[in-house]
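Student: Encoded as structure tokens, here's the structure I'll be asking about.
Readers should treat all values here as calculations from the given coordinates under stated rules, not as data from a laboratory. These figures come from a predicted structure and were not determined experimentally. Cβ atoms come from the backbone with ideal geometry, glycine included; neighbour counts cover every protein chain shown.
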Amino acid sequence: MPHPLYIAFIWHQHQPFYKSLITGEYRLPWVRLHGTKDYLDLLLRLTRYPNFHHTINLVPSLLLQIEDYAHGRAMDPYLAVSLKSAADLSEWERHFVVSSFFDAHHRTMIDPYPGYHRLYEQVQTKGRVWCLENWSLQDFEDLLMWHNLTWLDPLFWNRPPVQTWWEQGGHFTLADRQALWQIQQEILAQIIPEHRRWQDAGVIELTTSPYTHPILPLLADTESARVAVPNLPLPRRFSWPQDVTWQLAKAWANYQQYFGRTPKGLWPSEQSVSPAILDPVARQGFRWLCSDEGVLAASLRQPIQRDSQGQVLAPDCLYRPYKMQTPAGELALVFRDHRLSDLIGFSYCHLPVETAVADFVSRLGQIHARAQAETTASNPWLVTIALDGENCWEYYPQDGGPFLEALLSALSQDERFCGVTVSEFLEQFPPQVTLNYLHSGSWIEASFTTWIGDPVKNRAWDYLGQARALLAATDNPPAAAWEALAAAEGSDWFWWFGAGHSSRLDPVFDALFREHLQALYQSLGQQPPRELDYPLEPQHFQGDYPPEGFIQPVIDGRGDEQDWFRAGMVRVGTARATMYQRHPVEAIRYGADHLHFYVRVDFQPGFAPEKADFTSLHLVWYYPGQLGQTSPIPLADVPDIPPCNYRFRHHLGVHLPERFCWLAVAGAGDTWVPQPTTTQMALETCLEIAVPWSELNVAPNWSVSLLLVLGLTGQFRGYLPEQGLLNFAVP
């Protein structure tokens, strides 16, 4: 193959519409803070290597908010208190500062700075009440500054006042925060012009998304959710294909306004596609769009299979553009490599820079080697790597700067690789293969269940549908009504509603969605329905829940809550399958990333391994649907009841009093064969375990069924969870 391996990075920059259309206030600060930490600096790092091209997607609703901040038209609660003297803070504001100004990943954005770390540790160990009663005014002054300062990318630390602040390390003043706000505005004001400049220079391609980042297929028809999940419970049917056209037209106009030309590519929100959206996308003038490999697999009706190292077994299927015919013309589609994208988005932050970059380059090198043998000069491969360009860097040291510099340097100097924009590749190598069927789905499990199907999500769709029907029945509705509808159609509100995802800020997202709908009614001169005055769901814990995303906990036996924030959890209540009335185990948390699976066991206060009714914990697991040797639980007196009488593939034993562990794999004749392991375990306030996937000989997307068994001198003493097996997937 005479060509290098073509690589298309697509960086997606997005925030929902945080501005209340009733009060005009920005409810949350993330446009401002990500604006000073992630948007401009990513662009500046990418363009240091101008021969390696990239695609950047900028969502219109994000650009509108950036412009508001840059021109002093936006104010959020975090900024409002930051621009006040600590002596002038009200009691409510002091509570707000203590509870909200540690909103950052503490290992990378708080712990490295002694002044910030001291305040964080006091909140964690002594509690908020103690801090409110004992902190000095200077402590509050410093916290107000630290929160804003650590959301400033290191690329901008060379400015004289910033250098002084870092050297100072505390004793900040209101004047310092006022000066920092001016720097924030200056950075925000450069974001749009700098993207336009580098687009015009031909180094990057800019793309757009539907105006307020809605799930276009669900706007066209919520019934599309049943393509992936036929029996999914749905709300009253929402079918307004006109909104698809309107959202696309607004995005098109927004792009022309800011960047002086028309876009070629579309990043459909959440990479969600369906056949119904293709004609309006093409009719608007877009030439290509991007989705996920899971959608491609469902469209081809064949899985994207990988080997134990994560390499695609049939790369010619994934690493090519496709074309589809619509009444408005031809559209090209590219599908991202989900695993390569996730490695940057979720896993490499936990590795040394050199290790992470070497791993990524090695993976691309293996694809290049295959391409040399399997492609032709007229049909080279395109590896599409598409991910959020903002959210992952918080978990990298120095906001990902060292990783990006090393990665881009390595790729740009390696003759095997060529970084291209998607449009550059398509213009040189138009799609040759027609995709005859397009599945309706998103980047999450090739379905829409993240945004619809849950009772709370469905209730939100019903509220939206009721408001949309009123708008349709109104003659010449004002532009404000359309803007409010568009804001409420954004995907982010539905993401947080109901089961699946949750955060401390759930009530704010709930309120913003309802305020957008209230603003719609008010703009039409109507009284909003009373139900919009009340949250869609109670804001409290609703029971056991599965993992919400990848986790990368530090294994020190201390159970850092932020480390395990996205983990799944099972609370252990009155035992059904054990002899205990009040179980010494309080909860089990579990999760994974691309490198390990993790388990945390929380014990009741006062638990002592030396005095407990069990001295060992045994993790046993198997892989449903996969062939391989299995053996029974290696303890005596195991009851002949499910799931205790199941057979398992791997066994990790943990001796609690002496704090050591061992790994074994099932052998012939119901035996267990010891195996070397680098498993990490630590027991202090809780038990934390990290088992490397690499030692288990598993493949991505395999299902894992895990049971925790309690033992005492080789005897069975019980199992957890009481409800049965923990089930999750290999990333």
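Student: How large is the Rg to Rh ratio of the chain when both quantities use alpha carbon positions and Rh follows Kirkwood?
Tutor: Details: Rg = 26.6 Å, Rh = 27.6 Å.
Value, to two decimals: 0.96.
Student: Whole-Hz ³J(HN,Hα) for each residue in the stretch 294-309, computed from phi via Karplus 6.51 cos²θ - 1.76 cosθ + 1.60 with θ = phi - 60°, x for glycine and proline: what do you get?
Tutor: x, 5, 4, 4, 5, 5, 7, 6, 8, x, 8, 8, 10, 7, 5, 8
Student: While we're looking at this one, here's another question. With contacts defined as alpha carbon pairs under 8 Å and 6 or more residues apart, what's the relative contact order of the stretch 455-533 in percent?
Tutor: Value for the stretch 455-533: 36 percent.
Student: Okay, next question. R0 = 25 Å: FRET efficiency of Q178 with L137, Cβ-based, nearest 0.05?
Tutor: With R0 = 25 Å, the Cβ-Cβ based efficiency is 0.90.
Student: Straight-line reach from K126: which aspartates and glutamates have Cα under 16 Å away, leaving out those fewer than 8 places along the same chain?
Tutor: Cα-Cα hits under 16 Å: D139, D560, E561.
Student: If packing is taken as the average count of other Cβ atoms within 10 Å, what order do 311-319, 687-695 fall into, highest mean first?
Tutor: The peptides rank, most packed first, as 687-695, 311-319.
Student: A further question follows. Could you list which residues have their amide H under 5 Å from that of T326, counting only those 5 or more apart in sequence or on another chain, with H placed in the peptide plane?
Tutor: L331
Student: So what are the ³J(HN,Hα) numbers for the stretch 326-333, from phi and the Karplus equation (6.51, -1.76, 1.60; θ = phi - 60°), rounded to whole Hz, Gly and Pro as x?
Tutor: After applying 6.51 cos²θ - 1.76 cosθ + 1.60, I find 10, x, 9, x, 8, 10, 9, 10 Hz.
Student: I want to check the label-to-label distance for L83 and E561. Put each point 7 Å from Cα in the C-beta direction and report it in nm to one decimal.
Tutor: Each label point is offset 7 Å from its Cα along the Cβ direction, giving 3.2 nm.
Student: Per DSSP H run of at least 4 residues, take -39500 (n - 2.57); add these up for the chain, divide by its residues and hand me the 222 nm value, nearest 500 deg cm²/dmol.
Tutor: It lands at -10500 deg cm²/dmol.
Student: Return the whole-Å distance between the Cα centroid of the stretch 415-437 and the Cα centroid of the stretch 312-370.
Tutor: Each part's Cα centre sits 13 Å from the other's.
Student: Out of residues 5 or more away from A587 or on other chains, whose amide H comes under 5 Å of its own, with H placed 1.01 Å from N in the peptide plane?
Tutor: Here V572, D602 satisfy the definition.
Student: Any idea how far apart A314 and D388 come out in nm if each label point goes 7 Å out from Cα toward Cβ?
Tutor: 3.2
Student: Shifting gears a bit: Got the relative contact order for the chain handy, in percent, Cα pairs under 8 Å and 6 or more residues apart?
Tutor: 14
Student: Per 0.36 nm of contour for each residue apart, how much would the distance between F660 and A612 grow if the chain were fully extended, relative to their Cα-Cα spacing?
Tutor: Contour length minus the Cα-Cα distance gives 15.6 nm.
Student: Okay, next question. Using a Förster distance of 41 Å, how high is the FRET efficiency between E586 and D533, based on the Cβ-Cβ distance and rounded to 0.05?
Tutor: Efficiency for this residue pair is about 0.65.
Student: Then there is this: Want the number for A201 to V638: 0.36 nm per residue separation, take away the alpha-carbon distance, what's left?
Tutor: 150.4 nm
Student: Taking a threshold of 25 Å on the Cα-Cα distance, which of the pairs K19/K250; K323/K457; K19/K84 fall above it?
Tutor: Pairs exceeding 25 Å: K323/K457.
Student: Could you give the nm distance between label points at T376 and E186, where each point is 7 Å from its Cα heading toward the beta carbon?
Tutor: 5.7
Student: If you don't mind, another one. May I ask you to order 623-634, 460-471, 486-497, 78-89 by the average number of other C-beta atoms within 10 Å around their residues, highest value first?
Tutor: 486-497, 460-471, 78-89, 623-634
Student: Using 0.36 nm times the number of residues separating T434 and A469, minus their current alpha carbon distance, what extension gain do you get?
Tutor: Full-extension gain reported as 8.8 nm.
Student: Separate question: Rounded to the nearest 20 Debye, what is the dipole magnitude of the chain about its Cα centre when Lys and Arg each give +1 and Asp and Glu each give -1 at the C-beta?
Tutor: Working: 52 positive and 79 negative charges, 233 e Å.
Rounded to the nearest 20 debye, it is 1120 debye.
Student: Go through 587-599, 243-255, 348-360 and give me the packing order, highest mean Cβ count within 10 Å leading. Show your work: numbers first, answer last.
Tutor: Working: 587-599: 23.2, 243-255: 20.3, 348-360: 17.8.
So the peptides 587-599, 243-255, 348-360, ranked by packing, come out 587-599, 243-255, 348-360.
Student: Go ahead and run the numbers for FRET between R73 and E445, Cβ-Cβ distance against an R0 of 51 Å, rounding to 0.05.
Tutor: 0.85
Student: Moving to a separate point now. Debye calculation, C-alpha points only, no solvent: report log10 I(q)/I(0) for the stretch 1-151 at q = 0.11, 0.15 Å⁻¹, in the same order as the q values.
Tutor: Taking Cα atoms of the stretch 1-151 as identical point scatterers yields -0.56, -0.89.
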